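Structure record follows, encoded as structure tokens.
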Amino acid sequence: MNELNQKNGKEEEMIQQTFQELLNDYLATNHRKRVEIITKAFNFANQAHRGVKRLSGEPYIMHPLAVAKIVCNEIGLGSTSICAALLHDVVEDTDYTTEDIANIFGEKIAQIVEGLTKISGGIFGDHASAQAENFKKLLLTMSSDIRVILIKIADRLHNMRTLASQAPNKQYKIAGETLYLYAPLAYRLGLNKIKTELEDLSFKYEHPEEYEAIEQKLKATASERDQMFNEFTAPIREALDKMELKYRIIGRVKSVYSIWNKMQTKHVPFDEVYDILAVRIIFEPKSMEEELNDCFDIYVSLSKIYKAHPDRIRDWVSHPKSNGYQALHVTLMGNNGQWVEVQIRSERMNDIAEQGFAAHWKYKDGDIAEDEGELEKWLNTIKEILDDPQPDAIDFLDTIKLNLFAQEIFVFTPKGEIKTMPQNATALDFAFLLHTDIGSHCIGAKVNHKLVPLSHKLQSGDQVEVLTSRSQRVQSEWLSIAATARARNKIASILRKEAKAYQAEGLKIVTDLLKKQNMYVSDAIVEKLAKIHNLSADEFLGEVGAKKLVLNDNDLNELKGKQGSSWKKYLKIPFINKDNKENKEDKANEPKADETPKEKINTKKIFTLDEDSIQHKYSMAECCRPIPGDDVLGYVSDSGRIIIHKRQCPVAMKLKSSYGKRIIATQWDTHRQLSFIVTLHLEGVDCLGLLNDVTQIISRQLNVNIHKLTIETNDGIFHGDIQLYAHDVGDVQTIINELKKVKNISTITRE
């Protein structure tokens, strides 16, 4: 008993010490000193969570305290948010209700806590993923008070920092969810530092070996970077001293995840990632009116010392990003022959870059809800999407995801008005940005006075004039053209309304036809009619209503099971091979939007991929084609088969975030008994005998079977794809290493 009391006493001492640290941090800020309400919230939460432990073994109250410290120190929020952070799990995990919180702490804190409380049922549809529903509810509340999402991001950050105590399958799910949703959301809200940490922590749990390897290489090259930084910045300091500016220069090292991402997308090793180091100049302007001019004056001084890259100047000062980010980015050629990016920011710009939307409080009077600008436009887009009922929350997630991590371009209207759009936006997106009616009747556009199709991708600086016709109607193909959440949502909404109208008309036609035969329409009869034409009931009624499928009211032989139907069809429907139905279901890389994830699989079990199970229980995902040695995970399909994906596969990322309970941890154990088809892409300078050299190495030297080979040349440059058989990643690396010895081959990448 004494030992227990002693342990409890030590835990209470640790809790009180952590709370005092939080208070000290809060008192050091510029916020109003509302210590009393924060203390009240802490005591309430401490009492509510008393005796409850986290998986790590520490008292549960340490989690709300840690979230409150992140909210205070790393995001810069005040007492209302700190109280909400302390109370954020009380309603979910204890007997207290939102009404209790409102009575004790007021409506505002209660509203934020309610927004942070996880939902227990399907509010927006019975078949939606719980995580998608949670995220949707979060954005609903966020649209009225942005602090909800800021505190939620702080909550997720602390969960990621303590993820080691979770089981492997939970780690995959939470890490995938974080990378898919929360890191982009932190970026959108300007929380760049937190965004980077969320990405790195997710990457650490998804690819521990790669994370460790890159981290070790960063440590090994640190002294070399320090020397380069000092040599590069020495003349810059002299120039800035002459300008009599107060400034500081810091080096920014690219994050582990960003380095790995570049290695993957550019297909280069660590040694060929040249922009690991960036230089940041942070200055105090002579006056706020001179802030912009000071940025460009510094740039002029730098360009006298080093040559600037003409195509890599980014003016985020005159045109801030949608998350409020401002800076002038220039790329300079150092004396060692390497390009170095230099970011020029004022102290105000730096605060906004680090703390995002919350930093506006330091420089603007009024409450957070009064802030305007690009972020408000984005929130309005969310409101529009939420106002339109979606068939599934997963669709909603995909729509939001489109605009979360997009880089911006600036486009002009014919009258010179500037519009901010995501990169890869098309002329169709621009039309819907102007107005839904313009988008609905858009037939094309003029970009810089030249006629272009709706699918034309816009570039920064383009001037766009939209061409419309009242006879034009929204087409289903437009969904593959649109790149923005707004346009896709509007197109889908219009198509759904049209589909419902066609289905209603189709039902009327079928009802009238059956009446003439003294029959009554029923769901069963509609299903039978639809099955005759290999369609679902909704598709069947829609096509009948749209006059794409014409029914002859004199003959119902097919419905009655007799031969010789005189029903006529004017639209070709793809033939479905019923024998392949089960196989097609197994090959699906992800569930349909309206399906409920099955949760009967024991996700904690570690499955091993061996020869027998690959042939009978498992199949390889077509989207990423993993082979032994790749970091993989399993996804349980509806038929109980396990689809194997690479962990970094985009489809797997989506599955982890939306259907985490179907994800299982997997390990390879093939003993080199099986061969897998691998595709290698080769590029280089064309020369005589090149193809012969390649095939000699693969077939004769390495004794590897080639499945397929295609090669083409253009202006002396060749591109080739080789499909060959390999046992595992080691085989593939050996083949790549040998092929790299062939003269004139510049790059070899595996698809």
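Looking at Val256 and the list (1) under 15 Å from Gln343 (Cβ atoms); (2) at pLDDT 90 or above, which single condition is not satisfied?
Unmet for Val256, out of (1) under 15 Å from Gln343 (Cβ atoms); (2) at pLDDT 90 or above: (1).
Regarding segment 225-239, can at least one residue be identified that is small (Gly, Ala, Ser), in the same structural domain as Pro269 (by TED's automatic domain parsing) and either crowded, with 22+ Cβ neighbours inside 10 Å or under 30 Å from Lys286 (Cα atoms) (or both)?
So far as segment 225-239 goes, yes, one or more of its residues are small (Gly, Ala, Ser), in the same structural domain as Pro269 (by TED's automatic domain parsing) and either crowded, with 22+ Cβ neighbours inside 10 Å or under 30 Å from Lys286 (Cα atoms) (or both).
Hey, can you tell me all the residues within segment 329-350 that are crowded, with 19+ Cβ neighbours inside 10 Å and under 22 Å from Pro184 (Cα atoms)?
Taking segment 329-350 as the starting set, the residues that turn out to be crowded, with 19+ Cβ neighbours inside 10 Å are 330-332, 340, 342-346, 349-350.
Answer for segment 329-350, where residues must be crowded, with 19+ Cβ neighbours inside 10 Å and under 22 Å from Pro184 (Cα atoms): Gln343, Met349, Asn350.
Please find, within segment 636-647, the residue that is nearest to Asn261 (Cα to Cα) out of those that are buried (at least 19 other Cβ atoms within 10 Å of the Cβ) and touching a residue at least 40 places away in the same chain (Cβ under 8 Å).
Arg647
Within segment 248-270, track down each residue that is touching a Ser or Thr at 6+ places or on another chain (Cβ under 7 Å) and buried (at least 16 other Cβ atoms within 10 Å of the Cβ).
Ile249, Ser255
Are there any pairs, at least 6 apart or on different chains, whose C-beta atoms fall under 7 Å, with the first in segment 254-267 and not assigned by TED's automatic domain parsing to the domain that holds His681 and the second of a type in the set (A, V, I, L, M, F, W, C) and in a loop (DSSP other than H, G, I, E, B), and if so, which?
Lys254/Ile276; Ile259/Val273; Ile259/Ile276; Lys262/Val273; Met263/Val273
Residue by residue through segment 192-223, note down the ones that are under 19 Å from Arg156 (Cβ atoms) and of a type in the set (A, V, I, L, M, F, W, C).
Listed by number, the residues that qualify are Ile194, Leu198, Leu201, Phe203.
Answer yes or no as to whether Ile82 is outside any loop (DSSP other than H, G, I, E, B), surrounded by 18 or more Cβ atoms within 10 Å (Cβ to Cβ), at pLDDT 85 or above and touching a helix residue (DSSP H, G or I) at 6+ places or on another chain (Cβ under 8 Å).
yes
In segment 453-495, which residues are within 16 Å of Pro422 (Cα to Cα), assigned to a loop (DSSP other than H, G, I, E, B) and polar (S, T, N, Q)?
The answer is Ser455, Gln459, Ser460, Thr484.
Taking the conditions exactly as written (in contact with a Ser or Thr (Cβ under 6 Å, 6 or more places away or on another chain), assigned by TED's automatic domain parsing to the domain that holds Tyr306 and not in a loop (DSSP other than H, G, I, E, B)), does Ala278 satisfy them or not?
Numbers: in contact with a Ser or Thr (Cβ under 6 Å, 6 or more places away or on another chain): no; assigned by TED's automatic domain parsing to the domain that holds Tyr306: yes; not in a loop (DSSP other than H, G, I, E, B): yes.
Here the answer is no, as Ala278 does not meet what is asked.
Residues Thr18, Thr39: which one is β-branched (Val, Ile, Thr), modelled with pLDDT of 90 or more and farther than 23 Å from Ile146 by Cβ?
Thr39
Looking at segment 417-430, is at least one residue closer than 27 Å to Gln475 by Cα, at pLDDT 60 or above, of a type in the set (D, E, K, R) and assigned to a helix (DSSP H, G or I)? Walk me through it before giving the result.
Going through segment 417-430, the residues closer than 27 Å to Gln475 by Cα turn out to be 419-430.
Applying the additional criterion that residues be at pLDDT 60 or above yields 419-430.
Restricting the remaining residues to those that are of a type in the set (D, E, K, R) gives 419, 429.
Pick out the ones that are also assigned to a helix (DSSP H, G or I) and you get 429.
Yes, segment 417-430 contains a residue that is closer than 27 Å to Gln475 by Cα, at pLDDT 60 or above, of a type in the set (D, E, K, R) and assigned to a helix (DSSP H, G or I).
Could you list all residues from segment 17-71 that are aromatic (Phe, Trp, Tyr) and in a loop (DSSP other than H, G, I, E, B)?
Listed by number, the list holds a single entry, Tyr60.
Of everything in segment 162-204, what is more than 17 Å from the chain's Cα centre (by Cα) and of a type in the set (Ser, Thr, Tyr)? Give them in sequence order.
Thr162, Ser165 - these are the residues of segment 162-204 that are more than 17 Å from the chain's Cα centre (by Cα) and of a type in the set (Ser, Thr, Tyr).
It is to be established whether one or more residues within segment 33-40 are closer than 28 Å to Leu185 by Cβ, acidic (Asp, Glu) and surrounded by fewer than 20 Cβ atoms within 10 Å (Cβ to Cβ).
no
The values are calculated or read from the model by the stated rules, or taken from the named source; none is laboratory data. Here the structure is a predicted model, which means the values were calculated and not measured. We place every Cβ from the backbone using ideal geometry, glycine too, and count neighbours over all the protein chains shown.
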